[in-house]
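Structure first, commentary second.
The values are calculated or read from the model by the stated rules, or taken from the named source; none is laboratory data. Keep in mind it's a predicted model, so treat the numbers as computed, not measured. A quick note on method: Cβ atoms are made from the backbone with ideal geometry, for glycine too, and the neighbour counts reach across all protein chains shown. These area figures cover heavy atoms from the full protein model, side chains too; ligands, DNA and RNA do not enter into them. Shrake-Rupley method; radii C 1.70, N 1.55, O 1.52, S 1.80 Å.
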Amino acid sequence: MMLKNCRFIITQDDERTILENKDLKINEETKTIEEIGVELAKEPSEKIIDCSTHVVMPGLVNPHIHLFTFQLREHIVNSWNELWNKARELERNILKLRTSWNKALSLIATLGFTTIAPTEICYDKFQENINTFIEIIGGPFIFNKPDRMLGKIVHVSSILNIGPELFKELVDEAFKKNITVSIHISNTRNEVFEFKKKYGKFPIEYLDSIGALRENVTLIGLEWVTSWELKKIASNNCKVILIPSCSMLYALGGLPPIIEFIGEKITLGLGTCSFTCNSPFIFYEGKALLYYIRTSYWSFKLTAQQVLDIITLGNTRILNIKGGTITEGEPANLTIINLKHDNLAPVSMKNIVQNLILYSEPYNIEFTVVRGRLCSPRKNIFRKSF
Ligand SMILES: [Zn+2]
């Protein structure tokens, strides 16, 4: 398959090269990017996609999303705790959970993702139905205990639910199996001080003291992390997923020290968390991140390019998968955006990244390439029930 005459290719290579008017050839057998160049030779039966009005970028990855929360949108909640209580009610209602998964997947399918890591209560049932047009990398969602270890990620909802000692057991076991453990942590001030009252230390400080911060740990939220805990995150090579809409909507109050994370070279990713917070369109979340930091720090320290780096390079590193760049020989997971709509204009090589982060809309997404296969996500909306 050939993506012919791509208006732009955002490579996300070390120099952040953006190519203009190039062909991109995909080997559907090896599911990799075969060649990038000008006027590439085509096989007689090769499928040609005219991309002269399109930008091709590394496939969008969502490392933190709870599909089951879709149906929670029926409620109006007035606190973080109320949201958790509603989530626990939903956990016991299999019919509503199924509705949530189906509707969430229908929506997700239109948003240009090639890989998602959903963190769910029951996960395996829908995997085979969706895996053809979005690559699923994820594991079970755990409210109370690590009863299953599936996939590349196991998610823990809260350190107070599971307790630090059990969390350490989970991390150690997952480490042996090369599984990442993600956890919402230090979200509200109350939660942090409740933990400190019980264990005598702040959550990350305590986890470090018992050896539970290992490189397979990804920390989510971190609205109330302390400066000394930040150093422990860096020295233990833990990763961090930012969820700005969730932090803001649920009035969690604190701000993860994002600029300081970058200064410590901590791997950052961006997730969309609950469906109740925002649309899971990752560019909306990228824009939220940019506004969040510029408002909080009163500065332009974070750029649109850095946000794109977090979305592409950061999110693939978080999931420990290949991709995040467009390079010959790498897996062919791509997101293809049509520039014909005026919401992205005027567009040039200079402003394309900024315009995608600030102005793009889901209707700009025209194709994805998932494991070398072309998908039209806005046409093939997922409606099959399971
Ligand atoms: Zn979450």
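Side notes on the structure shown:
- When the Gaussian network model of the chain links Cα atoms closer than 10 Å, the mean-square fluctuations of Ile318, Ile243, Ile36 top out at Ile36.
- Built amide H within the under 5 Å cut-off of Asp23, gap 5+: Asn5, Cys6, Gly37, Val38, Glu39, Leu40
- Trp84, Trp224, Trp101, ranked by accessible area, largest first (probe 1.4 Å): Trp224, Trp84, Trp101
- Computed with a 1.4 Å probe over protein heavy atoms only, the accessible area of Phe175 comes to about 80 Å².
- Lysines with Cα under 24 Å of Lys86, excluding same-chain neighbours fewer than 8 positions away: Lys96, Lys103, Lys125, Lys145
- Taking the 1.4 Å solvent-accessible surface of the range 1-105 as the whole, the part contributed by carbon and sulfur is 46%.
- Among the listed pairs Lys198/Lys231; Lys42/Lys350; Lys287/Lys340, those whose Cα-Cα separation exceeds 27 Å are Lys42/Lys350.
- Principal-axis analysis of the Cα atoms of the chain puts helix 282-297 at an angle of about 60° to the longest axis.
- Nearest 10 degrees, 0 to 90: helix 80-91 Cα axis against the chain principal axis: 70 degrees
- Helix axis angle, 94-109 relative to the chain longest principal axis, alpha carbon, degrees: 40 degrees
- Measuring only protein heavy atoms, the 1.4 Å probe finds Leu356 accessible over about 0 Å².
- Segments 205-214, 307-316 sorted - mean Cβ within 10 Å per residue, highest first: 307-316, 205-214
- Neighbour cut-off at most 14 other Cβ (10 Å), DSSP loop, GluC sites (Glu not before Pro), the range 227-298: Glu264
- Rounded to the nearest whole Hz, the Karplus-based 3J(HN,Hα) values (6.51 cos²θ - 1.76 cosθ + 1.60, θ = phi - 60°) of the range 254-264 follow the sequence x, 10, x, x, 5, 5, 5, 4, 4, x, 8, with x at glycine and proline.
- Only protein heavy atoms count here; under a 1.4 Å probe, Arg88 has an accessible surface of about 60 Å².
- Charges were assigned to the Cβ only: +1 to each Lys and Arg, -1 to each Asp and Glu. The resulting dipole of the chain about its Cα centre is roughly 860 debye.
- The relative contact order of the range 60-319 comes to 20 percent, based on Cα pairs under 8 Å that sit 6 or more residues apart.
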